[in-house]
């Protein structure tokens, strides 16, 4: 039985407000001490999503419920508000929020004051302003989008199966295109190819001659985060499987029926997944525009070695919305999870986080570096545990 932490009467706890319920926020919530702090999570999503498995759920290999966990389960003693953050007032230390669910009338708008604000809002999908992407492509960052993808594949096969559908239209409908050669794009292309060739081919055998998967990549190789040998291995595996990999290709427009490339080529498409990289969330962009010290930021909040947002007192950031001043880190779940746990420990151990160099006011321990008479908090250091991507046919 879980016992609720006892808070001393008359003792005001500093309020910690976390924006987002992704990897970094989830890790932070599991670690942070709910006795020392009044912790509030604000997010439009009331669950944590295991994003590395999204591509698998989009084709039915894994069920949706298997990759979600209620955010309250991370820490039963924190508050959660299902809402989006409309704006941040750094000077007054207040955020303005709007409820997600509309029951009757206008959505509920309310303010949440904070002593410390932690941003873990992630990143959006980068469309690069290319015409037609928003209107004619699917995306894969949320579980609802995975559901849409799964439904979209079946819908196109059923339409192609109708006796009234011309042969050329069958070919177009069953021409699946993935734009982006990172892990998301590669894994979805592999999962989709496996689904159709191994399972759906039994029910739609007459349509298999029209089915194709193409992967379009702007760079000259795929999986650029990996070693060159592994990149080539993935390319060779796709070629052997029949997945068409088009490298060095720039998309200039997406129409309802085709992908237009800069070199003049036109790829017929019945369904396109856009997985071409991360963009900046509107809330993050508003902060970047309002903080002078963030003038040189490139779409992500610049943070120091202790994840403090440069130029914004009592504001922290981690995960895909943050960029460390000391050096770039990959935008992965592994990095975000480690940052969340690290920041939770910083708060638990009573460091003076407003000081230029955070020092401990509590008893030193193994994670505190003693320098003279000062216990200085160690900067965040990412420990890479390796990366993996599924490339189809039970290979990774």
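Computed values, structure above
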read-out	value
Scan of the stretch 20-53 for residues that are within 11 Å of residue 77 (Cα to Cα), in contact with a strand residue (DSSP E or B) (Cβ under 9 Å, 6 or more places away or on another chain) and in a helix (DSSP H, G or I), ordered by number	29
Residue within the stretch 316-324 that is surrounded by 20 or more Cβ atoms within 10 Å (Cβ to Cβ), in contact with a strand residue (DSSP E or B) (Cβ under 9 Å, 6 or more places away or on another chain), modelled with pLDDT of 95 or more and on the phi > 0 side of the Ramachandran plot present	yes
Failed criterion for residue 38 (all others in (1) farther than 22 Å from residue 284 by Cβ; (2) touching a helix residue (DSSP H, G or I) at 6+ places or on another chain (Cβ under 8 Å) hold)	(2)
Scan of the stretch 246-266 for residues that are part of a strand (DSSP E or B) and either without any contact (Cβ under 8 Å) to a residue 60 or more places away in the chain or crowded, with 18+ Cβ neighbours inside 10 Å (or both), ordered by number	246, 251, 254, 258, 259, 260, 261, 266
Candidate set: the stretch 301-315, residues that are touching a strand residue (DSSP E or B) at 6+ places or on another chain (Cβ under 7 Å) and free of Cβ contacts under 8 Å to residues at least 24 places away in the same chain; chosen: the one surrounded by the fewest Cβ atoms within 10 Å (Cβ to Cβ)	310
Candidates 285, 240, 269, filtered to the one that is modelled with pLDDT under 95 and either surrounded by 14 or more Cβ atoms within 10 Å (Cβ to Cβ) or more than 18 Å from the chain's Cα centre (by Cα) (or both)	240
Complete set of residues in the stretch 327-347 that are surrounded by fewer than 22 Cβ atoms within 10 Å (Cβ to Cβ) and over 16 Å from residue 377 (Cα atoms)	327, 328, 329, 330, 331, 332, 333, 334, 337
Complete set of residues in the stretch 23-35 that are surrounded by 24 or more Cβ atoms within 10 Å (Cβ to Cβ) and out of contact with any helix residue (DSSP H, G or I) (no Cβ under 6 Å at 6 or more places or on another chain)	25
Where residue 94 falls short, out of the listed (1) within 26 Å of residue 31 (Cα to Cα); (2) surrounded by fewer than 18 Cβ atoms within 10 Å (Cβ to Cβ); (3) touching a residue at least 40 places away in the same chain (Cβ under 8 Å); (4) outside the structural domain of residue 192 (by TED's automatic domain parsing)	(3)
Filter pass, residue 164 being buried (at least 18 other Cβ atoms within 10 Å of the Cβ) and more than 23 Å from residue 68 (Cα to Cα)	no
Single match in 104, 144 (criterion: outside the structural domain of residue 330 (by TED's automatic domain parsing), out of contact with any helix residue (DSSP H, G or I) (no Cβ under 8 Å at 6 or more places or on another chain) and either at pLDDT 95 or above or farther than 30 Å from residue 338 by Cβ (or both))	144
Residue list for the stretch 211-237, filter: within 24 Å of the chain's Cα centre (by Cα) and assigned to a loop (DSSP other than H, G, I, E, B)	217, 218, 219, 221, 222, 223, 224, 225, 226, 227
Test: residue in the stretch 125-148 that is farther than 30 Å from residue 280 by Cα and crowded, with 18+ Cβ neighbours inside 10 Å	no
Count of residues meeting criterion [out of contact with any strand residue (DSSP E or B) (no Cβ under 9 Å at 6 or more places or on another chain) and in a loop (DSSP other than H, G, I, E, B)] in the stretch 151-208	8
Residue within the stretch 378-389 that is at pLDDT below 90, under 26 Å from the mean Cα position of the chain (by Cα), surrounded by 18 or more Cβ atoms within 10 Å (Cβ to Cβ) and in a loop (DSSP other than H, G, I, E, B) present	yes
Inter-residue pairs, beta-carbon under 6 Å, first assigned by TED's automatic domain parsing to the domain that holds residue 287 and in the stretch 10-29, second surrounded by fewer than 24 Cβ atoms within 10 Å (Cβ to Cβ) and in a helix (DSSP H, G or I), 6+ apart	23/333; 23/337; 26/74; 27/337; 27/341; 28/344; 29/74
Positions within the stretch 98-127 being outside any loop (DSSP other than H, G, I, E, B) and under 12 Å from residue 18 (Cα atoms), in sequence order	112, 113, 116, 117, 118, 119
Residue in the stretch 77-84 that is out of contact with any strand residue (DSSP E or B) (no Cβ under 9 Å at 6 or more places or on another chain), farther than 27 Å from residue 155 by Cα and not in a helix (DSSP H, G or I) present	no
The stretch 146-175, subset under 29 Å from the mean Cα position of the chain (by Cα) and without any contact (Cβ under 8 Å) to a residue 12 or more places away in the chain, residue nearest to residue 275 (Cα to Cα)	148
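The values are calculated or read from the model by the stated rules, or taken from the named source; none is laboratory data. Quantities reported herein were computed from a predicted structural model and do not represent experimental measurements. Cβ: placed from backbone, ideal geometry, glycine included. Neighbour counts: every protein chain shown.
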